[in-house]
Amino acid sequence: MKTIRTILSFVVWATLGGGCSDRNAQTGPFSAELVPGKTSVVTDSVGDQDKTGAAYLDIVRAEITKQGTNFVFVMTMAAPLPESPTLPSWADVLVWQPILDTDPNSSPMGYPFTKNTAFPDEFFIQHRVYRPGFTDPLDPTSAADVLIDRRPLLTGGQAIVTPIKVSIAGAQITFVVDAALLGDPPMFGWLAVSSAAKAGDDVKNAYNKHFPFDVAPEVNSGAPLATWPQ
């Protein structure tokens, strides 16, 4: 799998569509039951987030498991997510996200980055909290929970945005994605990121400032991507 050399300057988040978030609901059937050979887990040190980030931006564990026809992604933070997280004064959005590299030979160029910025990952799976009154450049509804498929950018198209199911229970965020939406890949590289971003003035400029609070694995320190299955 290719390394993410741009992680510090571009960290990751993306956009749009409709979504559904169950705040403080029990994760129940959406919690990841680890299945040998179909699971990947990354642990991360407590307290290693950027000093400007709160504990609910500090990733302590991230995991992926395939359950039937779904992939279930779970991020566990060092503290429960509040109802209204505080955004940096410069930012338009906070985001918690697993990011997938399903094709080591591609680097789609464009959204959620600027039109001339290539980034090597095809899928962003996101829970987002926006600044009040902000409208996403590509999604007028500024939806909270989405899958971003960047593959169409490779052929001059626009990213595809699909609503997903996200459940938040204290410090744990659970994302459920239909495997078919990801092309049901037999393996892929991945990482989890918490970050903030500031938007440009249109979809071509997209988000032109990205700031990571925490990354797992620590690719910005030279660690490779995690792989699924592990």
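The values are calculated or read from the model by the stated rules, or taken from the named source; none is laboratory data. Bear in mind that the values here come from a model prediction, so they are computed numbers and not experimental data. Note: ideal-geometry Cβ built from the backbone for every residue, glycine included; neighbour counts use all protein chains shown.
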Q. Does Leu87 satisfy the criteria of being modelled with pLDDT of 95 or more, aliphatic (A, V, I, L, M), within 22 Å of Gly170 (Cβ to Cβ) and not in a strand (DSSP E or B)?
A. yes
Q: Considering every residue within region 66-73, establish whether at least one is at pLDDT below 95, more than 19 Å from the chain's Cα centre (by Cα) and on the phi < 0 side of the Ramachandran plot.
A: yes
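State all residues of region 111-125 that are in a strand (DSSP E or B) and either touching a His at 6+ places or on another chain (Cβ under 8 Å) or crowded, with 22+ Cβ neighbours inside 10 Å (or both); if no residue qualifies, say none.
The answer is Phe123, Phe124, Ile125.
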Q: Determine which single condition Val72 fails, assuming it passes every other condition in (1) under 19 Å from Pro212 (Cα atoms); (2) part of a strand (DSSP E or B).
A: (1)
(Q) Step by step: first the residues of region 126-140, then only those that are of a type outside the set (D, E, K, R) and farther than 22 Å from Leu100 by Cβ, then the one that is surrounded by the most Cβ atoms within 10 Å (Cβ to Cβ). Which residue is that? (A) Pro137
Q. What number of residues in region 89-100 are touching a Phe, Trp or Tyr at 6+ places or on another chain (Cβ under 6 Å) and of a type outside the set (A, V, I, L, M)?
A. 3
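This table checks each residue for (1) of a type in the set (Val, Ile, Thr); (2) buried (at least 20 other Cβ atoms within 10 Å of the Cβ); (3) at pLDDT 95 or above.
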site: Leu8; (1), (2), (3): no, no, no
site: Val11; (1), (2), (3): yes, yes, no
site: Ala14; (1), (2), (3): no, yes, no
site: Arg23; (1), (2), (3): no, no, no
site: Gly28; (1), (2), (3): no, no, no
site: Leu34; (1), (2), (3): no, no, no
site: Gly47; (1), (2), (3): no, no, yes
site: Ala54; (1), (2), (3): no, no, yes
site: Ala62; (1), (2), (3): no, yes, yes
Q | Cβ-Cβ under 6 Å pairs, at least 6 apart or on other chains, region 82-109 side over 19 Å from Leu191 (Cα atoms), far side in a loop (DSSP other than H, G, I, E, B) and not aliphatic (A, V, I, L, M) | A | Leu87/Arg131; Asp92/Arg131; Asp92/Phe134
Q) How many of the residues in region 168-190 are closer than 20 Å to Gly110 by Cβ and buried (at least 19 other Cβ atoms within 10 Å of the Cβ)? A) 0
